[in-house]
Amino acid sequence: MYTFDIERPSTVGDAVKLLSDSTESQPLGGGQTLIPTLKQRLAMPDRLVSLGGITEIQGISQDDGGALCIGGGVTHADVAAGAGAYAALAGLAGKIGDPAVRNRGTIGGSLANNDPSACYPSAVLASGATVVTNTREIAADDFFDGLFTTALEEGEIITEVRFAVPQKAAYMKFEQPASRFALVGVFVAKYADGVRVAVTGASEGGVFRWAEAEAALSTNFAASALDGLSLDGSGMISDLHGSGDYRAHLVAVMTRRAVEAA
Amino acid sequence: MEPRVAVGDYNRSTGDSTLYTTSQNPHVIRLLMGAFVLGIPEHKLRVVAPDVGGGFGSKIFHYAEEALCTFAAKALNRPVKWTCSRSEAFISDAHGRDHVTKIDLALDADNNFTAVRTETYANMGAYLSTFAPSVPTWLHGTLMAGNYKTPLVYVNVKAVFTNTVPVDAYRGAGRPEATYQLERVIDKAAIELGVDPIALRRQNFITEFPYATPVAVEYDTGDYVATMDKLEEMADLSGFEARLAESQAKGKLRGLGVNCYIEACGIAPSNLVGQLGARAGLYESATVRVNATGGLVVMTGSHSHGQGHETSFAQVVADMIGIDENMVEIVHGDTANTPMGMGTYGSRSLAVGGSAMVRATEKIIAKARKIAAHLMEAAEADIELKDGQFSVAGTDKSVAWGDVTLAAYVPHNYPLEEIEPGLEETAFYDPANFTYPSGAYACEVEVDPDTGKVTIERFSAADDFGNIVNPMIVSGQVHGGLAQGIGQALLEGCGYDENGQLLTGSFMDYAMPRASDVPFYSVDHSCQTPCTHNPLGVKGCGEAGAIGSPPSVVNAVVDALRRGGHDVTHVDMPLSPSRVWSAMQG
Ligand SMILES: Cc1cc2nc3c(=O)[nH]c(=O)nc-3n(C[C@H](O)[C@H](O)[C@H](O)COP(=O)(O)OP(=O)(O)OC[C@H]3O[C@@H](n4cnc5c(N)ncnc54)[C@H](O)[C@@H]3O)c2cc1C
């Protein structure tokens, strides 16, 4: 590691101020991604602004409209234990990494990072969730912007994520054998106005919605509605752990299983 | 598992260098580094390798960092420490396996094996690691007869340089490769001939011992029928159909795979490995020091990095004398206080190191008997040692172990004209032959036909390790070996891109087996044909699990795919979900 400063503000306002002055600063969530990145010198900010001491971005609640509001600093373990109103989401959080990762890693950090194999982005996109920051509200469809890229501006902090709770939902994760991230993960959520299907781990473009599956399932929410639907492997990630064709195939399998489990 | 570490230290007043390192064989490092790298004579160089957190072969070899730290400590006149990160370990620790082999098996009309022929390219990596060429040659070619009386065996190995990380010994070293090739081709033959793979193996078993194979070694003892009988019982083969039906009801494929293995371990007779081209002697050493009050310190040239020598070696010595194990201290891992030894690998610790310890302890007992005879004024031939008491046969005269040891150091009433005072003996033991543990393994898998994911449902291992000193340690060794073999079969593998860049440079891409990847094992080592040439009758158990398990996993997956209607006869390891799925696509 090289030397850097660390600040521990207790309000979002102070954090934003620290992030916007001239020093090259970066917010620190659970550090599960950022710290290894620093160790490898892939990022070398002069200052980390830890969000861990900010109570405003903690906590899970339901608003008047019934939406589940999760603070941007809530850990995966706390979502797993406290998001019972949205069981598929709690289940997803409970299967991220291992206990150490879940006790540190946060929903805000995961979304800001937007790893193409991360689990949360699929839940946020499939739920049409709203990502709330210190300056604005961003719709899920506008938030994810390819691999490791999001609509967040420099120094913008995710303070909350708001999920409308679906009638039925499930997340199916096929683990990459080494990292246990999603080789392919599919989140299916059924709302009164239709079904949304979001896929992580598979595409070279990052998390995406599978429009044909959504259309078919919106008409008939049954695995059989997916018969004959398939994706093309050409835009899919192809690596040591599986070809694009394999991933495309897995998307169909996991979607079917998610519908059956929902 | 723990990454390597080295600390160099230099004492300016004495001119002595000390290297603390994570090694399986500190004496070998002292010789290689002192004589061949840095030019430090052995009496000015001490190498300390205390309780190392696992080795599995990768810590046998002499690594550059050891020499650099030792050199730098002298140049700077201060200690120099190097700690390997996990990512550095992936690109600097020697890797294992990596053979490309073509194997042919010939059978006569009655399904007797008549010949085996193999052509192997063995990757050495970019440059040679310490023992690299010995792995695909004398640790591999000599095993190609397996458990079978095939009269003709032809092995051609070409060791090749590539641009990968160096490849050297890894738990089993050469023998897993031999076992895998043979046991896979036998299953393939069974498929082609439409015969039962177990029956085909049984029919070709070697049944008479000693048996000189066509590939340079002579098996002293074994009973392959007994281990296979045991295995069939453990694996509940008759229940397979019912389990198959259960899997099918869940939409899963199920398969059963069986294989045998033989390994040459307890390495090794120095003269034999010398003839085969090795540049090292492979004896082992032990010094047994008895203290005045009767406690013992055993200084072994063998090394413990998780094998539990401290327990099993102490048991052996305590048993020989009939005293409590707590009176025996095992010391290892420091060239300053152990005799020159070759270290631990090749399942050699108890078979070779333990034998040296037995020989040294025998010398101790012989001398103690003389002292006891003197103390009791009896003839030496009449002295018996039992439960820590020397007694005169047919009388009630006895003297305790502690009184005899005290007399050795306070020699007032002592036969000084016949024997020296003190009670300390050293023995070097060079085995007469390898030892040949063998066994039969069975694996049952489920395969998810939609994803290609394999789960191991049952795993049974019937091993013949000869005599057993500590059954729990033996089971633990088998469990660990099986986890590694299953890891090799299903998960582990190094990948490089077209520029030679290692793709599996962290645990994010290199798939290690975890607890959830392995089943509850059923292991048995009640079939025991003791080794005929070492004093303990032991064969060694450290590598068996890793040697014996990969083929049964692959045999089981191929069986599952075939029962599922896929015309597959082979899938290369690791059987990752994507590979198995691809195999199913034809
Ligand atoms: C062994 C291991 C296994 C894992 N397995 C999985 C898995 O199976 N599935 C999965 O989805 N993930 C997995 N992860 C990743 C894990 O979920 C991380 O916690 C997550 O990706 C990052 O969250 P964090 O809070 O640790 O963020 P950090 O590492 O602290 O930060 C990541 C990035 O987000 C920024 N950031 C942090 N918080 C905020 C915020 N509130 N607002 C704006 N920007 C912010 C940081 O500046 C940084 O750029 C795994 C990680 C490890 C180490």
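The values are calculated or read from the model by the stated rules, or taken from the named source; none is laboratory data. From a predicted model like this one, the values you see are computed outputs, not experimental measurements. All Cβ positions, glycine included, derive from the backbone under ideal geometry; neighbour counts span all protein chains shown.
Go through the stretch B:562-586 and report how many residues are more than 10 Å from every other protein chain (Cβ to nearest Cβ) and either touching an Asp or Glu at 6+ places or on another chain (Cβ under 7 Å) or crowded, with 24+ Cβ neighbours inside 10 Å (or both). Walk me through it before giving the result.
Start the filter on the stretch B:562-586 by keeping residues that are more than 10 Å from every other protein chain (Cβ to nearest Cβ), which leaves B:562-573, B:575, B:580, B:583-584, B:586.
Restricting the remaining residues to those that are either touching an Asp or Glu at 6+ places or on another chain (Cβ under 7 Å) or crowded, with 24+ Cβ neighbours inside 10 Å (or both) gives B:575, B:580.
Of the residues in the stretch B:562-586, 2 are more than 10 Å from every other protein chain (Cβ to nearest Cβ) and either touching an Asp or Glu at 6+ places or on another chain (Cβ under 7 Å) or crowded, with 24+ Cβ neighbours inside 10 Å (or both).
For the stretch A:100-118, filtered to residues that are under 15 Å from A:SER179 (Cβ atoms) and hydroxyl-bearing (Ser, Thr, Tyr), the residue that is farthest from the ligand (Cβ to nearest atom) is A:SER117.
The number of residues in the stretch A:162-177 being near the ligand (Cβ under 10 Å from one of its atoms) and either in contact with a helix residue (DSSP H, G or I) (Cβ under 8 Å, 6 or more places away or on another chain) or in a loop (DSSP other than H, G, I, E, B) (or both) comes to 2.
Restricting attention to the stretch A:39-51, and to residues there that are more than 14 Å from every other protein chain (Cβ to nearest Cβ) and more than 9 Å from the ligand (Cβ to nearest atom), which single residue is surrounded by the fewest Cβ atoms within 10 Å (Cβ to Cβ)?
Of the stretch A:39-51, the ones more than 14 Å from every other protein chain (Cβ to nearest Cβ) are A:43-51.
Of the ones still in play, those that are also more than 9 Å from the ligand (Cβ to nearest atom) are A:44, A:46-47.
Numbers: A:MET44: 11, A:ASP46: 13, A:ARG47: 16.
Once the filter is applied, the top-ranked residue is A:MET44.
A single member of B:ASN156, B:ASN111 is surrounded by fewer than 16 Cβ atoms within 10 Å (Cβ to Cβ) and part of a loop (DSSP other than H, G, I, E, B), and it is B:ASN111. When residues in the stretch A:178-194 are screened for being of a type in the set (Gly, Ala, Ser), more than 9 Å from the ligand (Cβ to nearest atom) and in a strand (DSSP E or B), 2 of them pass.
If you go through the stretch B:236-246 one residue at a time, do you hit one that is closer than 28 Å to B:HIS140 by Cβ, in contact with a helix residue (DSSP H, G or I) (Cβ under 9 Å, 6 or more places away or on another chain) and not small (Gly, Ala, Ser)?
Applying the first criterion (closer than 28 Å to B:HIS140 by Cβ) to the stretch B:236-246 yields none.
Within the stretch B:236-246, none of the residues are closer than 28 Å to B:HIS140 by Cβ, in contact with a helix residue (DSSP H, G or I) (Cβ under 9 Å, 6 or more places away or on another chain) and not small (Gly, Ala, Ser).
Do the conditions hold for B:ARG46, that is, is it under 20 Å from B:ALA278 (Cβ atoms) and basic (Lys, Arg)? The answer is no for B:ARG46. Would you say B:ASN11 is in contact with a strand residue (DSSP E or B) (Cβ under 8 Å, 6 or more places away or on another chain) and of a type outside the set (Phe, Trp, Tyr)? Yes: the conditions hold for B:ASN11.
Residues of the stretch B:494-509 that are farther than 19 Å from A:LYS39 by Cα, assigned to a loop (DSSP other than H, G, I, E, B) and either in contact (Cβ under 8 Å) with a residue 40 or more places away in the chain or more than 7 Å from chain A (Cβ to nearest Cβ) (or both): B:CYS494, B:ASP497, B:GLU498, B:ASN499, B:GLY500, B:GLN501.
Just one of (1) surrounded by fewer than 19 Cβ atoms within 10 Å (Cβ to Cβ); (2) assigned by TED's automatic domain parsing to the domain that holds A:LEU152 fails for A:GLY72. It is (1). Residue pairs whose Cβ atoms lie under 7 Å apart, separated by 6 or more positions or on different chains, with the first residue in the stretch A:250-261 and at the interface with chain B (Cβ under 9 Å from one of its Cβ atoms) and farther than 14 Å from A:GLU212 by Cα and the second assigned to a helix (DSSP H, G or I) and modelled with pLDDT under 95, do not occur.
From the set of residues in the stretch B:224-255 that are surrounded by fewer than 16 Cβ atoms within 10 Å (Cβ to Cβ) and among the charged types (D, E, K, R), which is nearest to B:ASN147 (Cα to Cα)? The selected residue is B:ASP229.
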